[in-house]
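So the structure is just underneath, and the comments pick up after that.
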Amino acid sequence: MAAHVATCEGLPGAGGAQQTDACELATVARAARGDPEACSWLLSRYRGRVLRLATMILRSADEAEDAAQESFIRAFRGLSSFRGPLGFYTWLCRITVRTCLDHQRKRRPPRLEVRAPHAGDAEDAAVSRLVVQALLDQLSAPVRAALVLREVDGLEYQEIARVVGVPVGTVRSRLHSARARFRELYLDAMQEADRV
């Protein structure tokens, strides 16, 4: 990877985001030409984020690992279709979301019983995290994907629209629906916990 670092250090520009973008584009171009070092750099840079996104959508670590691997395979095979202005991570997210949705269509949705924590357990972060995951599981995959891309990955509406391949208005609608449904599910779970 020393050659990659030297190449990036020699790029013109004032540094910062512009130099990082130029470095990434140069690395993608090298990967498209079959440079294993460039592929390795892209994989190491984005693997964690792709795996987190897949896990948030699929709710299964094993299935997410498979989907992440498949996403990278699809991305590396399709590098010739990558267009720089979109941004590599946004393009990779789009591939990952579609791969996860393909995986989701192939399986039956699990039937989960949501159990909210008791008032005394509210401080327990692990229990709260499990409740949030169970509630997210009740959202449809496209709505959950939009919510995760916005709230976890911090993507802007326009980026989410490009990733999932829908108009910005649809993204706004999905996020509005996701937040309202999540809030409703959360309040129901808390009321159920109070009754227990």
From (1) surrounded by 13 or more Cβ atoms within 10 Å (Cβ to Cβ); (2) part of a helix (DSSP H, G or I); (3) modelled with pLDDT of 75 or more, pick out the condition that doesn't hold for V131. (3)
For the stretch 34-71, enumerate the residues that are of a type in the set (A, V, I, L, M) and surrounded by fewer than 21 Cβ atoms within 10 Å (Cβ to Cβ). L43, L51, M56, A61
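Sort out which residues of the stretch 56-88 are touching a residue at least 40 places away in the same chain (Cβ under 8 Å), in a helix (DSSP H, G or I) and closer than 15 Å to A145 by Cβ, and write them in order of number.
Once the filter is applied, which keeps residues that are touching a residue at least 40 places away in the same chain (Cβ under 8 Å), in a helix (DSSP H, G or I) and closer than 15 Å to A145 by Cβ, the stretch 56-88 yields M56, I57, L58, E63.
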Give the residue, chosen from L139, L42, L147, L51, that is modelled with pLDDT under 90 and either part of a helix (DSSP H, G or I) or in the same structural domain as E24 (by TED's automatic domain parsing) (or both). L147
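The values are calculated or read from the model by the stated rules, or taken from the named source; none is laboratory data. In this text the structure is predicted, and so the values were computed from the model without any measurement. Glycine also receives a Cβ, built like all others from the backbone with ideal geometry; neighbour counts cover every protein chain displayed.
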